[in-house]
Amino acid sequence: MEAASCSSSRYSYEEYKETAEWLRDHTEQRPRVAIICGSGLGSLADLLQNKTVFHYKDIPHFPISTVPGHAGQLVFGSLQGCDCVCMQGRFHFYEGYDIQTVTFPVRVFHLLGVDTLIVTNACGGLNSTYSVGDIMLIKDHINMPGFAGQNPLCGPNDKRFGERFPCMSDAYDRELMALAKQTAAEQGCDSFLQEGVYCMVVGPSFETIAECRALRTLGADTVGMSTVPEVVVARHCGLRVLGLSLVTNIAVTDYDSHEKANHEEVLKTTQYRAQDLERLVTHIIAKI
Ligand code: HPA
């Protein structure tokens, strides 16, 4: 059965196509790379040249983001000679969107001809060797909402996007990871580069101490409230993915600690590390 004919699917194929065609009609740029900017990391889009900017509210079918630190615009432009489209503000499940709305832009990117997705986010560090300000290359993820029945691919499968049972053991592209590591060394970022497993939780409440301990035991190095649904949908439609996660706080795993996770700390850390992350992404893109 095709999703387009099934009422349980959030969007029809035609709706994704309408959005992609509207964007094509409004810009001559034809990006190969899409970048989704995490909380406080949207300034990357400001580096694009020959920009065309669309506010989410003006794009047909596009949702609107509600989080402080997220601008809510789609920016087309060129970075290091490479045509890119950049989401300045992503959609989170905790904002109340359903999981298919959260991932809507990814299929639009695919229909626009994008073949590579770069995702950035803010996360809490669970691995005790990590420090605030570290950038973690995501080598794998744990889809906690997926365990609880919130996988964006649930529902009828539309073969025009991908197969019913997509593989996820190769979700994060090894070649792009190697490129990122090489670039980090060249850019003097290797002293704060980590590589590990990102676990998505829904939020918006931060984790309890017991939850942090449980996630660490499960094999997670970091925890955050985004990214995984977009990656699942990207892999389903064949995009290569690179994930970079900025450790903005250390998750509390000790009952004697007086530390408390909070959004202000998250934004403060992104402010002081945003430039390094931008530099890293820019130089990675130059090599793609
Ligand atoms: N937990 C979940 N999401 C986050 C965190 C955290 O500690 N820090 C930034 N995003």
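Rule-based calculations on the coordinates, nothing more; no lab input. On a predicted model such as this, the values are computed, not experimentally measured, just so you know. Every residue, glycine as well, gets a Cβ built from its backbone with ideal geometry; the counts of neighbours run over all protein chains shown.
Each listed q (0.07 Å⁻¹) maps to a log10 I(q)/I(0) for the chain from the Debye sum over equal C-alpha point scatterers, namely -0.23.
Scanning residues 5 or more positions from Ser9 or on other chains, none has an amide H under 5 Å from its amide H, with H placed 1.01 Å from N in the peptide plane. Phi angles of segment 13-19 translate, via the Karplus equation with coefficients 6.51, -1.76, 1.60 and θ = phi - 60°, into HN-Hα couplings of 3, 4, 5, 4, 5, 4, 5 Hz per residue; Gly and Pro are given as x. Backbone geometry of segment 26-31 corresponds, through the Karplus equation with coefficients 6.51, -1.76 and 1.60 at θ = phi - 60°, to 3J(HN,Hα) couplings of 9, 8, 8, 6, 10, x Hz, x marking Gly and Pro.
Just checking the listed ones, Val119, Val228, Val202: in the Gaussian network model of the chain with Cα springs under 10 Å, the one fluctuating most is Val202. Taking amide H as placed 1.01 Å from N in the peptide plane, the amide H of Ala122 sits under 5 Å from that of Ser39, Leu246, each at least 5 places away or on another chain. Build a GNM of the chain with springs between Cα atoms under 10 Å apart, and of Gly188, Gly89, Gly40 the one that fluctuates most is Gly188. What the phi angles of segment 137-142 give under the Karplus curve with 6.51, -1.76 and 1.60, with θ = phi - 60°, is a coupling list of 6, 7, 9, 6, 9, 10 Hz, glycine and proline written as x. For segment 18-46, the residues whose amide N sits under 19 Å from a probe point set 7 Å from the Cα of Arg160 along the beta carbon direction are 18-25. Note on segment 163-288: Cα convex hull, mean projected area over all directions, 9.1 nm². Under the criterion of Cα pairs below 8 Å and six or more residues apart, the relative contact order for the chain equals 25 percent. Taking springs between alpha-carbon atoms closer than 10 angstrom, which of Ser191, Ser78, Ser245 fluctuates most in the Gaussian network model of the chain? It is Ser191.
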